[in-house]
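Enquirer: Right, I'll just put the structure down here and ask away after.
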Amino acid sequence: MKTMGLIGGMSWESTAVYYRLVNEGVKQRLGGLHSARLVLHSVDFDAIERLQHAGDWGAAGAALAQAAQSLERAGADFVVLCTNTMHKVAAAIEAAVAIPLLHIADPTATAIKAAGARRVGLLGTRFTMEQAFYRDRLRAHGLDVLVPGDAAVERVHRVIYDELCLGIVRDDSRAAYRDIMRELVGDGAEAIILGCTEIALLVGATDATVPLFDTTALHAQAAVDAALAGEARTQG
């Protein structure tokens, strides 16, 4: 089994979900008492969030590159960045280490195409929805990406930072997300990407009329696949 290197803490709420999912995935695949072999570098999200909102992506990238280097020194065979937004600095991380970075958008796009969808709505932080780094990665896979209008972008973004990252789940926010997803479907979205690792804490399959693609679950499964490439399934 290869060793996963997780960069977490953005937020720790979703990193805890990653930890559970990768261990459940390994146990399901290998059986018995198997669990994931991994190392975790969990950052202080307050410092990263301040850099995000200051637009200092260079400093944020340097911080996460250092985190990746610490994982490499600890024996990680590949890096899993447990956040969508910070894939904006994926290139800085990749340049800092010799081990690969498992990009969150790639397994997401693969799953969407396998389901037969091509036009997708994207929910996430304002950075993920408005900036090109994430949408362009999806478009490189042949997907047509839709984002909400300006007011909806701000509502989705605020709920993530002011509520979900703090472990707060509100019914009125769920209703707002449902309305926004309904509007995306009205604009032609055949599926919705939950493009922030906390969004699945708020909404699930029953909250939309089209399939929802949870990037956290898909990324975690891809990490399990990478860790167990070549491993035989066991019983126990």
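Enquirer: Would you pull out the residues with amide H under 5 Å of L38's amide H, same chain only if 5 or more places away, H placed 1.01 Å from N?
Expert: M4
Enquirer: Step through the residues of the stretch 85-102 one at a time and calculate ³J(HN,Hα) from phi using the Karplus curve (6.51 cos²θ - 1.76 cosθ + 1.60, θ = phi - 60°), rounding each to whole Hz and writing x for Gly and Pro.
Expert: Couplings: 4, 6, 5, 4, 9, 4, 4, 5, 5, 4, 6, 8, 9, 8, 8, x, 9, 8 Hz.
Enquirer: What is the stretch 9-129's relative contact order, in percent, from Cα pairs under 8 angstrom and six or more apart in sequence? It would help to have the intermediate numbers written out before the result.
Expert: On the way: 106 pairs, mean separation 26.0, N = 121.
21 percent.
Enquirer: How large is the charge dipole for the chain, taken about the Cα centre, if only the Cβ atoms of Lys, Arg (+1) and Asp, Glu (-1) carry charge, to the nearest 20 debye?
Expert: 640 debye
Enquirer: Report the accessible area of R182, computed with a 1.4 Å probe over the heavy atoms of all protein chains in place, in Å² rounded to the nearest 10.
Expert: Here the residue's solvent-accessible area equals roughly 150 Å².
Enquirer: Multiply the residue gap between A140 and R182 by 0.36 nm, knock off their C-alpha separation, and tell me the result in nm, one decimal place.
Expert: Extra length available between A140 and R182 comes to 12.6 nm.
Enquirer: Another question, then. Accessible area per residue, 1.4 Å probe, Å², for the stretch 7-85: what's the number?
Expert: Working: 3580 Å² over 79 residues.
Per residue, the stretch 7-85 has an accessible area of 45 Å².
Enquirer: Using modelled backbone amide H atoms (1.01 Å from N, in-plane), which distant-in-sequence or interchain residues come within less than 5 Å of R119's amide H?
Expert: The list, which skips near neighbours in sequence, is D144, E190.
Enquirer: With all protein chains present, how much of the accessible area of the stretch 76-165 (probe radius 1.4 Å) comes from carbon and sulfur, to the nearest whole percent?
Expert: 49 percent
Enquirer: Still on this structure, please answer the following. Can you compute the charge dipole magnitude of the stretch 126-200 about its Cα centre, using +1 on each Lys and Arg Cβ and -1 on each Asp and Glu Cβ, nothing else charged? Give it in debye, rounded to the nearest 20. Could the numbers behind the result be given before it?
Expert: On the way: 10 positive and 14 negative charges, 33 e Å.
About 160 debye.
Enquirer: Give the residue from G116, A98, A59 lying farthest towards the positive end of the charge dipole for the stretch 56-128; charges sit on Cβ (+1 for Lys and Arg, -1 for Asp and Glu) and the dipole is referred to the Cα centre.
Expert: My answer, from the dipole projection, is G116.
Enquirer: What's the FRET efficiency of D77 with F133 using the Cβ-Cβ distance as r and R₀ = 22 Å, to the nearest 0.05?
Expert: Rounded to the nearest 0.05, the efficiency is 0.30.
Enquirer: Still on this structure: Using a 1.4 Å probe, what is the accessible area per residue for the stretch 116-196, in Å²?
Expert: I get 42 Å² per residue for the stretch 116-196.
Enquirer: How much of the DSSP bridge set in the chain is antiparallel, in percent, rounded to the nearest 5? Write down the numbers at each step before the final one.
Expert: On the way: 0 of 20 bridges.
Rounded to the nearest five, the antiparallel share is 0 percent.
The values are calculated or read from the model by the stated rules, or taken from the named source; none is laboratory data. None of the values given here were measured: they were computed from a predicted structure. Glycine also receives a Cβ, built like all others from the backbone with ideal geometry; neighbour counts cover every protein chain displayed. These accessible areas exclude ligands, DNA and RNA; they are computed on the full protein's heavy atoms, side chains included. Shrake-Rupley method; radii C 1.70, N 1.55, O 1.52, S 1.80 Å.
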